[in-house]
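Quick one: the structure is below, questions incoming.
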Amino acid sequence: MDALLALDQGTSSSRALVFDRSGRLLAQAQRELTQHYPRPGWVEHDAEEIWAGQLACAQEALARAGVKVAAIGITNQRETTVLWDRRTGQPLHRALVWQDRRTAGLCEQLKGQGLESRVRELTGLVLDPYFSATKLRWLLDHVDGARERAERGELAFGTVDSWLLWKLTGGAVHATDVSNASRTLLFDIHRGDWSEELLGLFGIPRALLPEVRPSAGDFGQAQALGAPIAGIAGDQQAALFGQAALAPGQAKNTYGTGCFLLMHTGGEARASTQGLVTTRAAQVGAAPQFALEGSVFVGGAVVQWLRDGLRAIGGSGEVQALAESVPDAGGVMFVPAFAGLGAPYWRPDARGALLGLTRGTTQGHIARAALESIAFQSAAVLAAMNADVGAADRLTELRVDGGASANDLLMQFQADLLGIPVLRPRVIETTALGAALLAGLGVGLYGSAADIGAIWQLDRAFEPRMSRDEAGARLAQWDRAVRQVLAP
């Protein structure tokens, strides 16, 4: 059997999934990943835990599937930053997670020097702690001896894909793909190479950086798993690929720890005027591919907060029933700016708020408001995207995936707010599927990217039911809530 193994290293868990060549899920394994919060706004992961958990999941999933895989694909939380010793393979510090905001001051300092427009011109990104460059700069400045060792070529930097690739190949391959490289603030998305100008601006020695390759191809042999690694893409670009959104104008939204809405723009790097970023999409072959992206920092993580922080539910699967215990949110608005606000606001200083509370507010109202906040944030991103592309290219449908897309209440509310169909595929694990399909292309299991379109199958279409007047009123209510959060 031509089976494919996807290593899906997310923010909250390590997972491994085995697919057959038709995209059918054969087996999977998962382990939660410990979250470390040493200070408010700081978020860290243990890179060794990531590696150990991912390897254990891969071995467990393969044992359950009982098949030999033809190739391995890697997909990952993107901007999370790992720095390790090239000789020993040991990390010098915990990984700084994409949610980490400790470098907000440095970003403001660089903005004050008038550098943001140039950074955006080269990278398609904004100057924000979300991305990797300032995280790497922080590690070099705060880990004893790190900068000197980096300049001597003794250290390696990578996003999580590079770290896993290094470990899987026993240190033989230090590489990444274009989609992950384009999230670092160090990569010129137009030239397709690391930028010496940006390396100088952020104070990053080039010797640290991995080789950048297309997303499908030879990335080396996974020693412990006995198969070639043939596909790598950042989680959101992998999901765009797994959704078969391969043509300009097609879009998807992934409901994971955060929410990430991407629209494919083909070979054109479309600049945003609405607070979105331009990024490289997964690349098969030599021709570059681009996408517009809006990132919501807190999506499904709000359900984790209901479980672990508020203790309103015992498990994430209980949130829909609790939210449906009330007919509506009772006027409660929840702005979950636990780690600032992402697109289209880009306010790292924002903090979360529950608004509209009364004596009659229950946990059900808060749970419903929490779910609705995911849809509201995504709707704000989609509105920005439509404004960027213009009336002729406005989205007419949205493909959805990720864990929270299984929540029918949330998906229906999302369709109601957007006023367009929300399409959920049979396989909602499209991030992992995208990595698997890229690996399949990398070893020639599929003839071309066009073969991917036949694999995508619809599970359910959520059609808008809410009147546009009511949807407009709800969105205006959300805008008022966000303005209150952002007020000085």
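The values are calculated or read from the model by the stated rules, or taken from the named source; none is laboratory data. Everything numeric here is computed off the predicted structure, so don't read it as measured data. Methodologically, a virtual Cβ is constructed for each residue, glycine included, from the backbone with ideal geometry; neighbour enumeration extends over all protein chains shown. Remember, those area values only see protein heavy atoms, side chains included, never the ligands or the DNA or RNA. Shrake-Rupley method; radii C 1.70, N 1.55, O 1.52, S 1.80 Å.
Give all pairs with beta carbons closer than 6 Å in which a residue from the range 453-481 that is among the aromatic types (Phe, Trp, Tyr) meets a residue that is part of a helix (DSSP H, G or I); count only pairs at least 6 apart in sequence or on separate chains.
These pairs meet every condition: 462/411; 462/412; 462/415; 478/376.
Here is a follow-up. If a residue must be of a type in the set (Lys, Arg) and either assigned to a strand (DSSP E or B) or at pLDDT below 95 (or both), how many such residues does the range 51-82 contain?
2
Please find, within the range 324-345, the residue that is surrounded by the fewest Cβ atoms within 10 Å (Cβ to Cβ) out of those that are farther than 22 Å from residue 37 by Cβ, of a type outside the set (Gly, Ala, Ser) and in contact with a Leu (Cβ under 9 Å, 6 or more places away or on another chain).
This residue is 324.
One line per residue, one yes/no per condition, for (1) under 19 Å from residue 195 (Cα atoms); (2) over 22 Å from the mean Cα position of the chain (by Cα); (3) of a type in the set (S, T, N, Q); (4) at pLDDT below 95:
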{"position": "88", "(1), (2), (3), (4)": "no, yes, yes, no"}
{"position": "123", "(1), (2), (3), (4)": "yes, no, yes, no"}
{"position": "134", "(1), (2), (3), (4)": "yes, no, yes, no"}
{"position": "140", "(1), (2), (3), (4)": "yes, yes, no, no"}
{"position": "143", "(1), (2), (3), (4)": "no, yes, no, no"}
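Would the range 422-444 turn up any residue that is over 24 Å from the mean Cα position of the chain (by Cα), open to solvent by 30 Å² or more (accessible area, probe 1.4 Å), within 22 Å of residue 3 (Cα to Cα) and not basic (Lys, Arg)?
Yes: the range 422-444 contains one or more residues that are over 24 Å from the mean Cα position of the chain (by Cα), open to solvent by 30 Å² or more (accessible area, probe 1.4 Å), within 22 Å of residue 3 (Cα to Cα) and not basic (Lys, Arg).
If you check 209, 185, 199, which single one turns out to be in contact with a strand residue (DSSP E or B) (Cβ under 6 Å, 6 or more places away or on another chain), more than 29 Å from residue 448 (Cβ to Cβ), of a type outside the set (Val, Ile, Thr) and modelled with pLDDT of 95 or more?
209
Just checking, does the range 282-290 include any residue being among the small types (Gly, Ala, Ser), surrounded by fewer than 22 Cβ atoms within 10 Å (Cβ to Cβ) and more than 28 Å from residue 237 (Cα to Cα)?
Looking for residues that are among the small types (Gly, Ala, Ser), surrounded by fewer than 22 Cβ atoms within 10 Å (Cβ to Cβ) and more than 28 Å from residue 237 (Cα to Cα), one finds none in the range 282-290, hence no.
Quick one: which of 375, 367, 387 is assigned to a helix (DSSP H, G or I), farther than 27 Å from residue 311 by Cβ and of a type in the set (A, V, I, L, M, F, W, C)?
387
Do any helices (runs of 4 or more DSSP H) lying entirely in the range 103-183 carry at least 1 residues that are in contact with a Cys (Cβ under 7 Å, 6 or more places away or on another chain), and which ones are they?
In the range 103-183, the matching helices (runs of 4 or more DSSP H) lie at 132-142.
Using beta carbons and a limit of 6 Å, which pairs, at least six apart or on different chains, have the first residue in the range 348-364 and surrounded by 14 or more Cβ atoms within 10 Å (Cβ to Cβ) and the second one among the basic types (Lys, Arg)?
348/101
Same structure, new question: Give 370, 415, 454, 387 a once-over and let me know the one that is of a type outside the set (S, T, N, Q), surrounded by fewer than 16 Cβ atoms within 10 Å (Cβ to Cβ) and over 19 Å from the mean Cα position of the chain (by Cα).
On inspection, the qualifying residue turns out to be 454.
When you scan the range 201-220, do you find a residue that is open to solvent by less than 10 Å² (accessible area, probe 1.4 Å), in contact with a helix residue (DSSP H, G or I) (Cβ under 6 Å, 6 or more places away or on another chain), in a strand (DSSP E or B) and not charged (D, E, K, R), even just one?
no
Which one is surrounded by the fewest Cβ atoms within 10 Å (Cβ to Cβ), of the residues in the range 94-115 that are touching an Asp or Glu at 6+ places or on another chain (Cβ under 8 Å) and within 19 Å of residue 40 (Cβ to Cβ)?
Looking at residues that are touching an Asp or Glu at 6+ places or on another chain (Cβ under 8 Å) and within 19 Å of residue 40 (Cβ to Cβ), I get 104.
Which residues, taken from the range 9-18, are of a type outside the set (Lys, Arg), open to solvent by 10 Å² or more (accessible area, probe 1.4 Å) and either part of a strand (DSSP E or B) or under 16 Å from residue 425 (Cβ atoms) (or both)?
13
Specify which of the listed residues (31, 21) is more than 20 Å from the chain's Cα centre (by Cα) and open to solvent by 60 Å² or more (accessible area, probe 1.4 Å).
Only one candidate qualifies: 21.
Which condition breaks for residue 395 when tested against (1) at pLDDT below 95; (2) over 30 Å from residue 20 (Cα atoms); (3) in a helix (DSSP H, G or I)?
If we test residue 395 against (1) at pLDDT below 95; (2) over 30 Å from residue 20 (Cα atoms); (3) in a helix (DSSP H, G or I), just (3) comes out false.
Go through the range 248-265 and report how many residues are small (Gly, Ala, Ser) and either open to solvent by 20 Å² or more (accessible area, probe 1.4 Å) or out of contact with any strand residue (DSSP E or B) (no Cβ under 7 Å at 6 or more places or on another chain) (or both).
Of the residues in that region, 2 qualify.
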